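Take a look at the structure below.
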Amino acid sequence: MMSFVLTLVAHRDATTLDNATIALARDTLAGTRDITVLSPEEAVDIPCPATAAQHLPALHAALEGRAIDAVLTHQASRRKRLLVSDMDSTIVANETLDDLAAHAGIGEKIAAITARSMNGELDFATALRERVALLKGFPSSLLEKAWKDVTLNDGAKELVQTMHAHGAHTALVSGGFTFFTSRVAGLCGFDEDHANTLVVNEAQGILTGETGHPVLGPDTKLALLESLAFEHSVPLAETLAIGDGANDLPMLKKAGLGLAFHAKPVVRKAIAAQINRTSLRTALFVQGYPVSVFSGT
C-alpha cells in the first residue's frame, strides 16, 4: 500500500525536473510509476510505501548540490485547512528587527543576539527584550525606513491566497512586531496576524526600548496553532505550520505538517519535512496542489 507521497520540486529559476531525476527519486524510495505532474519540469508527486522514510536520506545525498527539494508526507489529509506561518525569514526575506537596528546604526550588535536566539542558544523573550532595549531613544520614524526594506519571499502570496481560496484559514504569527505583521498580512492576504508590540512615545516620536506584555514567543505560537484549530474546527492533522527558527519548533512539531523553511541548523535537526532549496510554492505542492489552481501569481 502506498501510504506516503514524495513531492519532488525544482527551483524553477535554477534548474528543471527531468525524467532521470524523477526516476532516481522513484527508484530510491521504491515509489510507483503512477506519477502526478503538479507543474511541468518543476514539481511531481510520487506515491511511496511506508518504508520510503528510511531511504529519504539516501535521496537527499543523491540530490546534494542540486536546486531540488524532496519532501515526504502522508497521503492522508494532505490538503491543510489551517496555515500558521512565521514571518521573518519565512514569509519575508528580512529579519525586520535587525533591519530596524541597522537603520539605528547598531545592526551588528542586535543581529548577533538574533542569531543566537534563532539557533536556540538564548531564551526568546530575554533575547527580544535585550534587543529592543538597545533601541531606546531612537526615532520611531526608523520603523517606516525599515518597512521600505521588506521583501516578500517568492511564493508567499501564492501560498496564502491559494490556501485561502480553497477554504483554509491563514494566520501570520511572529515574534516580531505588529507594525510589520499587519502590513505583511495585508500584502499576502492572511486572515489575521499576531505579533509583539513595540512601545513608542508618540509625544516625543521615539522608541521607549520596551515591548508590550506578554511577549509572543514559541509557547504563544504553539498556543495560537491549537486555539485556531479549535476555533475553526480543524483537526491538528489538517494544520500546516511553517517557520525557520528555534521559536517555531513547538508549533512545527505539533502541526499535522511542520515545514522547516530555509531553517536554522537546530530546526533542520528536529523537523523532517524541509524546504531548503526552493520557494514557498513548495508548501503548496506538498499538499498536492497543481500549479494550475495557484492564486496570487
Practice problem: Residue by residue through the range 218-237, note down the ones that are open to solvent by 20 Å² or more (accessible area, probe 1.4 Å) and among the hydrophobic types (A, V, I, L, M, F, W, C). | Solution: 222, 223, 224, 230, 236, 237
Quiz item: (1) small (Gly, Ala, Ser); (2) open to solvent by 40 Å² or more (accessible area, probe 1.4 Å); (3) under 23 Å from residue 144 (Cβ atoms): which one isn't true of residue 167, the others all being true?
Solution: (3)
Quiz item: Between residues in the range 34-45 that are more than 9 Å from residue 10 (Cα to Cα) and residues that are of a type in the set (S, T, N, Q) and surrounded by fewer than 18 Cβ atoms within 10 Å (Cβ to Cβ), which pairs lie under 7 Å by C-beta distance while being six or more apart or on different chains?
Solution: 44/36; 45/36
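Residues of the range 92-113 being assigned to a loop (DSSP other than H, G, I, E, B) and either open to solvent by less than 50 Å² (accessible area, probe 1.4 Å) or at pLDDT below 90 (or both), which ones? Steps first, please.
To start, the set of residues in the range 92-113 that are assigned to a loop (DSSP other than H, G, I, E, B) comprises 93-95, 105-106.
If the condition is that a residue be assigned to a loop (DSSP other than H, G, I, E, B) and either open to solvent by less than 50 Å² (accessible area, probe 1.4 Å) or at pLDDT below 90 (or both), then 94, 95, 106 are the ones that fit.
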Quiz prompt | Odd one out for residue 240, checked against (1) open to solvent by 10 Å² or more (accessible area, probe 1.4 Å); (2) of a type in the set (A, V, I, L, M, F, W, C); (3) touching a strand residue (DSSP E or B) at 6+ places or on another chain (Cβ under 8 Å) | solution = (1)
Exercise. Only residues that are touching a strand residue (DSSP E or B) at 6+ places or on another chain (Cβ under 7 Å), part of a helix (DSSP H, G or I) and open to solvent by less than 50 Å² (accessible area, probe 1.4 Å): list them for the range 249-268, please.
Key: 251, 252, 267
Quiz item: Counting just the residues of the range 120-172 that are aromatic (Phe, Trp, Tyr) and within 21 Å of the chain's Cα centre (by Cα), which one comes out nearest to residue 270 (Cα to Cα)?
Solution: 124
Exercise. Of the conditions (1) modelled with pLDDT of 95 or more; (2) within 30 Å of residue 233 (Cα to Cα); (3) in contact with a Lys or Arg (Cβ under 8 Å, 6 or more places away or on another chain); (4) surrounded by fewer than 21 Cβ atoms within 10 Å (Cβ to Cβ), residue 215 clears all except one; give me its number.
Key: (1)
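Give the residue, chosen from 277, 281, that is among the basic types (Lys, Arg), in contact with a strand residue (DSSP E or B) (Cβ under 6 Å, 6 or more places away or on another chain) and either farther than 23 Å from residue 155 by Cα or touching a residue at least 12 places away in the same chain (Cβ under 8 Å) (or both). Please lay out each step first, then the result.
Details: 281 fails: in contact with a strand residue (DSSP E or B) (Cβ under 6 Å, 6 or more places away or on another chain).
From the options 277, 281, the qualifying one is 277.
Residues 45, 13: which one is over 19 Å from the mean Cα position of the chain (by Cα), exposed (fewer than 14 other Cβ atoms within 10 Å of the Cβ) and either at pLDDT below 95 or not hydrophobic (A, V, I, L, M, F, W, C) (or both)? So that I can check it myself, show each step before the final result.
On the way: 45 fails: exposed (fewer than 14 other Cβ atoms within 10 Å of the Cβ).
That would be 13, the only listed residue that is over 19 Å from the mean Cα position of the chain (by Cα), exposed (fewer than 14 other Cβ atoms within 10 Å of the Cβ) and either at pLDDT below 95 or not hydrophobic (A, V, I, L, M, F, W, C) (or both).
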Quiz prompt | Per-region count, the range 210-255, residues more than 15 Å from the chain's Cα centre (by Cα) and not aliphatic (A, V, I, L, M) | solution = 16
Practice problem: Go through 71, 37 for me and flag whichever is closer than 24 Å to residue 280 by Cβ, open to solvent by 30 Å² or more (accessible area, probe 1.4 Å) and either in a strand (DSSP E or B) or in contact with a His (Cβ under 7 Å, 6 or more places away or on another chain) (or both). | Solution: 37
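The values are calculated or read from the model by the stated rules, or taken from the named source; none is laboratory data. Owing to the predicted nature of the structure, the values given are computational and were not obtained by experimental measurement. Note: ideal-geometry Cβ built from the backbone for every residue, glycine included; neighbour counts use all protein chains shown. These accessible areas exclude ligands, DNA and RNA; they are computed on the full protein's heavy atoms, side chains included. Shrake-Rupley method; radii C 1.70, N 1.55, O 1.52, S 1.80 Å.
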